[in-house]
Amino acid sequence: QVNEVGDHAVEYDGSEAADKSPQTVGRIYNGTFIGSGLNSANTSSNGLRLRLDAAAQFWNCIWMDATDYMFRIEDTSLDRLAAGESAFAKNIVYNYGTYVRDNVQSVIDAFTAGGTDLDVDPDLGGISRMPNGMLDPRPNGTSPALTGAAIPSEDGVIRTVYRGAFDNEENWALGWTALDAYGYFGDLATPRESNAITIRDEDIEAGETLTLTANNEYLLEGFVYVEEGATLIIEPGTVIKAIGVPATGDQTSALIIARGGKIIAEGTADAPIIFTSDLDDLTVTDDLTALDNQTWGGIIMLGKAPIGEDVNPDLGYPTDVIEGIPSTEPRILYGGTDPNDNSGVLKYVSIRHGGSILGADNEINGLTLGGVGAGTEIDYIEVFANKDDGIEIFGGTVTIQ
């Protein structure tokens, strides 16, 4: 918003009669809302208003620079908030006159829950309300907005690891918007630095979320488990190199998605996610060839879908332990009773130079699936220059295409 004009960034309004149907719930993911500024003469520059009988959900959004209040919920919309229809999660809220109009405690509680970062500067490239080339809504390379996004549960919503409408690299508003035509935009956001980061088992614990971003290069060392309740998110274009002789004491390096864990590795044809050896220089093509394999383990995904094995007396349904990992490790159990179990997404993933023969009938394949459920999405997988099997499947209900 400019200094002189503009009211709410977003306003939802329902029916004046609470018994009218259908009732809708608006959902917005990854919005960036910039008001006219805390000291603006435009005192009607506000954030969100839910009027009569309205409900809305906002995820991964940036809200900033509201002259007056940032959030306001009125009348029967408070009832829909109390019923859980409105939600607010993983947002960043910064620079405002009043957080919630009239300081309604239930509204304050709702808009502070869900992992919201309150009074945290999103560190955007530049903010200007004049056509002087000083507006850049992309987060700077050190911005807290580049990580921490919630994972959408709805189909059709684009998953991101960043919060707000822009990542650090692309300003998709260039070339077609009035802001661009009138000269508001500039190329101001500082890039993210590239670093080699080592990922070990202790770096992602049960219930935690770890995000790997494409600007960094990662070294996978040892057996790394994504445990029950944990989520590993990998940006398109990310490269993960596995250490063949890890210092952890493990026989090789491998990524294991345990039962109840989840991986969101959704690459694209233009930006695939690559798992390869730490010996692989991707800038050249003559260091490793199709004959170079067994330089690391591979990816193992374990789920809770039914399998045809003996009934586990402690659990009351069939389970087994996956090959390639010491059987004393409790996190390698697979199998269960949920045919729709969801272990996440593997899409446009290239697995290179892996496969490990650890003993007779004891191998790590390029991609191993044990009891993986139909809720898991596995599409466009390449296994290149691998020892033993490319993909080996032990029961489950997952569809691969």
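Brief remarks on what is shown
- If you check Glu170, Glu154 for being within 22 Å of Asn216 (Cα to Cα), charged (D, E, K, R), out of contact with any His (no Cβ under 8 Å at 6 or more places or on another chain) and part of a loop (DSSP other than H, G, I, E, B), only one passes: Glu170.
- Residue in segment 171-179 that is touching a residue at least 12 places away in the same chain (Cβ under 8 Å), buried (at least 22 other Cβ atoms within 10 Å of the Cβ) and under 26 Å from Thr231 (Cβ atoms) present: no
- The set of residues from segment 354-385 being among the polar types (S, T, N, Q), under 21 Å from Ser253 (Cα atoms) and touching a strand residue (DSSP E or B) at 6+ places or on another chain (Cβ under 7 Å) comprises Ser356, Asn365, Thr368.
- Extreme residue, nearest to Thr319 (Cα to Cα), among residues of segment 229-268 that are under 17 Å from the mean Cα position of the chain (by Cα) and among the charged types (D, E, K, R): Lys262
- For segment 12-55, a tally of residues being among the hydrophobic types (A, V, I, L, M, F, W, C) and touching a residue at least 60 places away in the same chain (Cβ under 8 Å) returns 3.
- Restricting attention to segment 129-162, the residues being touching a Gly at 6+ places or on another chain (Cβ under 8 Å), closer than 17 Å to Phe33 by Cβ and not aliphatic (A, V, I, L, M) number 5.
- Top-ranked residue of segment 91-132 - restricted to ones that are within 24 Å of Gln57 (Cβ to Cβ) and of a type in the set (Asp, Glu), ranked as surrounded by the most Cβ atoms within 10 Å (Cβ to Cβ): Asp117
- Qualifying residue in segment 133-140 (condition: surrounded by fewer than 17 Cβ atoms within 10 Å (Cβ to Cβ), in the same structural domain as Ile28 (by TED's automatic domain parsing), touching a residue at least 12 places away in the same chain (Cβ under 8 Å) and of a type outside the set (S, T, N, Q)): yes
- The one condition from (1) under 26 Å from Thr209 (Cα atoms); (2) under 24 Å from the mean Cα position of the chain (by Cα); (3) of a type outside the set (A, V, I, L, M) that Gln401 does not meet is (1).
- For Asp79, the conditions (1) in a loop (DSSP other than H, G, I, E, B); (2) more than 30 Å from Ser128 (Cβ to Cβ); (3) over 25 Å from the mean Cα position of the chain (by Cα); (4) touching a residue at least 60 places away in the same chain (Cβ under 8 Å) all hold with the exception of (1).
- Residue match in segment 345-353 (condition: assigned by TED's automatic domain parsing to the domain that holds Leu232, over 22 Å from the mean Cα position of the chain (by Cα) and not in a strand (DSSP E or B)): yes
- Matching entry among Asp203, Asp250 (being under 27 Å from Asn60 (Cβ atoms) and charged (D, E, K, R)): Asp203
- Pro122 satisfies every condition listed in (1) within 13 Å of Thr32 (Cβ to Cβ); (2) at pLDDT below 95; (3) not β-branched (Val, Ile, Thr) except (2).
- Flag for Phe33 being aromatic (Phe, Trp, Tyr), touching a strand residue (DSSP E or B) at 6+ places or on another chain (Cβ under 7 Å), over 23 Å from Met130 (Cα atoms) and in the same structural domain as Ala145 (by TED's automatic domain parsing): no
- Inside segment 82-105, residues that are part of a loop (DSSP other than H, G, I, E, B) and either touching a residue at least 60 places away in the same chain (Cβ under 8 Å) or of a type in the set (Ser, Thr, Tyr) (or both) make up a count of 4.
- Scanning segment 359-394 for residues that are buried (at least 20 other Cβ atoms within 10 Å of the Cβ), out of contact with any Ser or Thr (no Cβ under 9 Å at 6 or more places or on another chain) and either among the aromatic types (Phe, Trp, Tyr) or part of a strand (DSSP E or B) (or both) yields Leu367, Thr368, Gly370.
- Residues that are under 22 Å from the mean Cα position of the chain (by Cα) and on the phi < 0 side of the Ramachandran plot, drawn from segment 162-188: Tyr162, Arg163, Ala165, Phe166, Asp167, Asn168, Glu169, Glu170, Asn171, Trp172
The values are calculated or read from the model by the stated rules, or taken from the named source; none is laboratory data. Note that this is a predicted model, so its numbers are computed, not measured. Counting neighbours? That spans all protein chains shown, and the Cβs are built from the backbone with ideal geometry, glycine included.
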